[in-house]
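None of the figures in this text is laboratory data; all of them are computed from the coordinates on show. Owing to the predicted nature of the structure, the values given are computational and were not obtained by experimental measurement. Note that each Cβ is placed from the backbone with ideal geometry, even for glycine, and that neighbours are counted across all protein chains shown.
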Amino acid sequence: MSDIKVSRVLFEFETIIKDHSFYLEELENMVSIPDFDVDKAERVIKRMRRLRRDLERGITVITQNVDFMNEKQTKEEALGILNYLMVVGLKEEKDTINQLKENMNRRGITNDLEKDLDQLQRILNSISRFSF
């Protein structure tokens, strides 16, 4: 049963991670411009929040089931994705949101990005034991 649950998540993650990477790259490009479009950045953040919720749900399924999996190849794929998210995807998102927050604060724009950073840290903490 664990193999089936994780396989479904891995299938869904194909699209979610691709979309996450696209929006992350878009946000990184915006942050590199000193006078970036704040409204556009907020729209991208909203999209990333939806994706992050989906990622968090999937990560929870993987972390709760990976120890009980029988299919070695699927288990390795799941652990590889957790490692990618830990080392690259979510870490880069956290760094970019930190930059965005600092840039917005310098411009005197209030924001609620601290919630995003807290959520990212919580997700990173939940997968840290699987990082290799």
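Quick notes on this one:
- Helix 2-31 axis versus longest C-alpha principal axis of the chain: approximately 20°, rounded to the nearest ten.
- Pair E28, R106: separation of 7 Å Cα→Cβ label points (nm): 1.9 nm
- Förster radius 25 Å - calculated FRET efficiency between R49 and Q73, Cβ distance, rounded to 0.05: 0.20
- The range 31-132: trypsin sites (Lys or Arg not before Pro) in DSSP loop, at most 14 other beta carbons within 10 Å: R107
- Normalised Debye scattering of the chain at q = 0.14 Å⁻¹ gives log10 I(q)/I(0) of -0.62, counting only Cα atoms as equal scatterers and leaving out solvent.
- Likely footprinting exposure, T110, T15, T63, fewest C-beta neighbours within 10 Å first: T110, T15, T63
- When V38, V88 are arranged by Cβ crowding within 10 Å, least crowded first, meaning fewest neighbours, the order is V88, V38.
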